[in-house]
Amino acid sequence: MTALTLSTAAAPGLRADAIVIGVAKGAKGPVVAPGAEAVDKAYDGKLAGVLGTLGASGAEGELTKLPAPAGFKAPIVVAVGLGAEPDAKSEEGEGYDAEALRKAAGVAARALAGSKKAAFALPVDGPGAIGAIGEGVLLGAYAFDAYKETSNGSAKAKNGKAPLAEAALLGGKPRDAAHKGALARAVTVGEELNRARDLINTPPNDLDPEAFAAVAQAAAKEHGIKVQVLDEKALAKGGYGGILGVGVGSAATPRLVKLSYTHPKAEKHLAFVGKGITYDSGGISLKPAGHNETMKCDMSGAAAVFAAVVAAARLGLEVRVTGWLALAENMPSGTAVRPGDVLRMYSGKTVEVLNTDAEGRLVLADALWAASQDKPDAIVDVATLTGAMMLALGSRTFGVMSNDDAFRSTVHEAAEEVGEPAWPMPLPEHLRKGMESQVADIANMGERMGGGLVAGLFLREFVGEGITWAHLDIAGPAFNEGGPFGYTPKGGTGSAVRTLVRLAELTASGDLG
Ligand code: BES
Ligand code: MN
Ligand code: ZN
């Protein structure tokens, strides 16, 4: 992972491979953002003009490389777009918003792969900017090369360039507690989010439920988190028919992992529940080719929950957070659950499985009911649950459903605050009817239209009476099949980790209501 430092050094004397500066879209062309004054001065104050000549506009995602001015120790200047120049007269003041900084830092960090050290001279007006730039660098520099062996006979080259090794954040105050705190938070969140990405990207032949549980156990031990793992025998004894039913077709047996972090001064208790299908073939209702190649990502919810609990513990948040990882592999076989089977769930309800590809709601139902037994103040589940949510919101926005309108708004605002696009979705009562079963209490499928909402309504039935609950359907943003953008790489994205961490922080500070 990229090493981050705060630096008061001036850009010219800095020994680095590159100096990163910001360029914004002004009314009359590109504008050099604050933080780059020394660089602009060395260009005789004509840097904006030079950038304009090179075709830079300051648009988000844009990157322009130019030779550093004479006398600079670093050889190149990397100018990254920050989007529209903030309006000094607007109510929000003159600062660049955190997400613009995060994205710009991410774009630069990715472009600097192969470099040893870069100095980031982006606009810093306080600790918030330091945190955003730090996160952007760590998330943008991420690369998954665990399975790249050799290139040109050299084992070290790994087919690609190594991630940027070191980033010095200029304008940071190394002795200022708020700046140091913001950087430390960024490092913790960045490391844990990248760990979630690693888990998502790990191929399913190496990450089955047992292996995932072992990773969780090791991390829990390292960070003072209590951990309990129910294996298939314990699940059978406890009556977890949903998790068992989904896992019974696979040679790799299912697990339910409970991670408990409790600060001694904790007053509130949050439970996070993650869908952890380590591979979703669809089961007997098999997915066709073209729909199964990326289904190792179907444990992204569990990865997010795992990362968020570890981050909460590392940050020492004054809260109790319980994470539930519902882990199973959904495979077709002679022992697999059939369409038409009825499962007896942990809650005691019976479910007729009409489509074995609607497996996420089955494992979540058991984990939601288990989480409810502790009577937490709120439960948030995270799941790559439905293709329908992807159709509705696209591949970058997750849907937020809840049994409580105020809590749904809280979750939505927390997501927006940390730079995760999210949108509130309803749970229309009339859709419940479509899940009525001839033989059981409920079927695992309903109307096709509004399938994401149907899934949400199914989950709601397994939340304990009176417990505030929200459901994040991250099927769209969990896995990036397109090219990298901002600080988001191809593959596993770590969607929802930052929203969950923010919710834990808000709960700790008593701001959750
Ligand atoms: N894991 C999938 C949903 C999914 C699809 C996630 C695409 C990420 C990308 C889920 O288990 C699933 O198969 N859902 C079905 C439900 C249907 C059978 C009711 C779906 O969305 O088609
Ligand atoms: Mn499925
Ligand atoms: Zn699935």
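The values are calculated or read from the model by the stated rules, or taken from the named source; none is laboratory data. Everything numeric in this text was worked out from a predicted model, so none of it was measured. Positions of Cβ are backbone-derived with ideal geometry, glycine not excepted, and every protein chain shown enters the neighbour counts. These area figures cover heavy atoms from the full protein model, side chains too; ligands, DNA and RNA do not enter into them. Shrake-Rupley method; radii C 1.70, N 1.55, O 1.52, S 1.80 Å.
Angle, helix 209-222 long axis vs. longest principal axis of the chain, Cα atoms, 0 to 90°, nearest 10?
That helix lies at roughly 60 degrees to the long axis.
Between K226 and K180, what length in nm is gained on full extension when 0.36 nm per residue of separation is reduced by their alpha carbon distance?
On the way: separation 46, 0.36 × 46 = 16.56 nm, distance 2.87 nm.
That works out to 13.7 nm of additional length.
Using only protein heavy atoms and a 1.4 Å probe, report how much of Y147 is accessible, in Å² to the nearest 10.
Probe radius 1.4 Å; accessible area of Y147 about 110 Å².
Hey, for a label at V342 modelled as a point 7 Å past Cα toward Cβ, could you say which residues of the stretch 438-464 have their backbone N under 15 Å away?
From the stretch 438-464, the list is 438-444.
Check cross-link reach from K73 to the lysines: straight Cα distance under 17 Å, and skip same-chain residues fewer than eight apart.
Within the straight-line cut-off, K73 pairs with K41, K65, K116, K117.
Going highest first, how would you order 361-373, 402-414, 214-226 by mean Cβ packing within 10 Å?
Working: 361-373: 26.4, 402-414: 18.6, 214-226: 16.5.
The packing order, highest mean first, is 361-373, 402-414, 214-226.
Apply the Karplus parameterisation 6.51 cos²θ - 1.76 cosθ + 1.60, with θ equal to phi minus 60°, to every residue of the stretch 357-366 and state each ³J(HN,Hα) to the nearest whole Hz, in sequence, with x for glycine and proline.
7, 8, 8, x, 5, 6, 6, 5, 4, 5
Give me D for the stretch 3-175 in µm² s⁻¹, whole number, from Stokes-Einstein with Rh from the Kirkwood sum over alpha-carbon pairs, 25 °C and 0.890 mPa s. Show your work: numbers first, answer last.
Values: Rh = 16.3 Å.
Using the Kirkwood radius from Cα pairs, D works out to 150 µm²/s.
How high is the FRET efficiency from R432 to S333, r the C-beta distance, R0 45 Å, rounded to 0.05? Show your work: numbers first, answer last.
Numbers: r = 32 Å, r/R0 = 0.72.
Using R0 = 45 Å, I get an efficiency of 0.90.
Antiparallel as a % of all DSSP beta bridges within the chain, to the nearest 5?
On the way: 33 of 80 bridges.
Counting DSSP beta bridges with both partners in the chain, the antiparallel share is about 40 percent.
Please compute the length gained on full extension between K233 and K116, using 0.36 nm multiplied by the number of residues separating them and subtracting their Cα-Cα distance. Spell out each step's value before the answer.
On the way: separation 117, 0.36 × 117 = 42.12 nm, distance 4.97 nm.
The K233-K116 span can extend by a further 37.1 nm.
What whole-number distance in Å separates the alpha-carbon centres of the stretch 324-383 and the stretch 2-79?
Cα centres, the stretch 324-383 to the stretch 2-79: 53 Å.
Counting pairs of alpha carbon atoms under 8 Å apart in space and at least six apart in sequence, what relative contact order in percent does the chain give? Mind showing how you got there, number by number?
On the way: 1294 pairs, mean separation 72.8, N = 513.
For the chain, the relative contact order is 14 percent.
If amide H atoms are built 1.01 Å from N in the plane of the peptide, which residues on other chains or at least 5 residues away come under 5 Å of the amide H of N480?
So N480 has HN proximity to G491, G492, T493.
Place the peptides 73-81, 203-211, 173-181 in order of packing, highest mean first, counting for every residue the other Cβ atoms within 10 Å and averaging per peptide.
On the way: 73-81: 21.6, 203-211: 18.3, 173-181: 13.7.
Highest mean packing first, the order is 73-81, 203-211, 173-181.
Averaging sequence separations of C-alpha pairs under 8 Å and six or more residues apart, then dividing by the length of the stretch 3-175, give the relative contact order as a whole percent.
Values: 385 pairs, mean separation 51.6, N = 173.
About 30 percent, as a whole number.
Given a Förster radius of 51 Å and the C-beta distance between R448 and Q217 as r, what FRET efficiency does 1/(1 + (r/R0)^6) yield to the nearest 0.05? Write down the numbers at each step before the final one.
Details: r = 40 Å, r/R0 = 0.78.
Efficiency, rounded to the nearest 0.05: 0.80.
What spacing in nm lies between the two simple spin-label points modelled at A59 and D377, each 7 Å away from Cα in the Cβ direction?
Those two pseudo-labels are separated by 4.5 nm.
Dimensions of the chain along principal axes (Cα, Å, largest first)?
80, 56, 44 Å, listed from the longest principal axis down.
Apply the Karplus curve 6.51 cos²θ - 1.76 cosθ + 1.60, θ = phi - 60°, to the phi angles in the stretch 112-129 and return the couplings in whole Hz, x for Gly and Pro.
With coefficients 6.51, -1.76 and 1.60, one gets 8, 3, x, 8, 7, 9, 10, 9, 9, 10, 8, x, 10, 10, x, x, x, 5 Hz.
In degrees from 0 to 90, rounded to the nearest 10, what is the angle of the helix 497-508 Cα long axis to the longest principal axis of the chain?
Roughly 80 degrees, rounded to the nearest 10.
Accessible area per residue for the chain in Å², computed with a 1.4 Å probe and the full protein assembly in place, what is it? Intermediate results must be reported in sequence, preceding the final value.
Numbers: 20850 Å² over 513 residues.
I get 41 Å² per residue for the chain.
Give me, ordered by chain and number, the residues 5 or more places off S402 or on other chains with an amide H under 5 Å from its own placed amide H.
Amide H neighbours of S402: H471.
How long are the three semi-axes of the equivalent ellipsoid for the stretch 440-500, computed from the Cα gyration tensor as the root of 5 times each eigenvalue, in whole Å, largest first?
Values: eigenvalues 177, 53, 11 Å².
Taking √(5λ) for each eigenvalue gives 30, 16, 8 Å, largest first.
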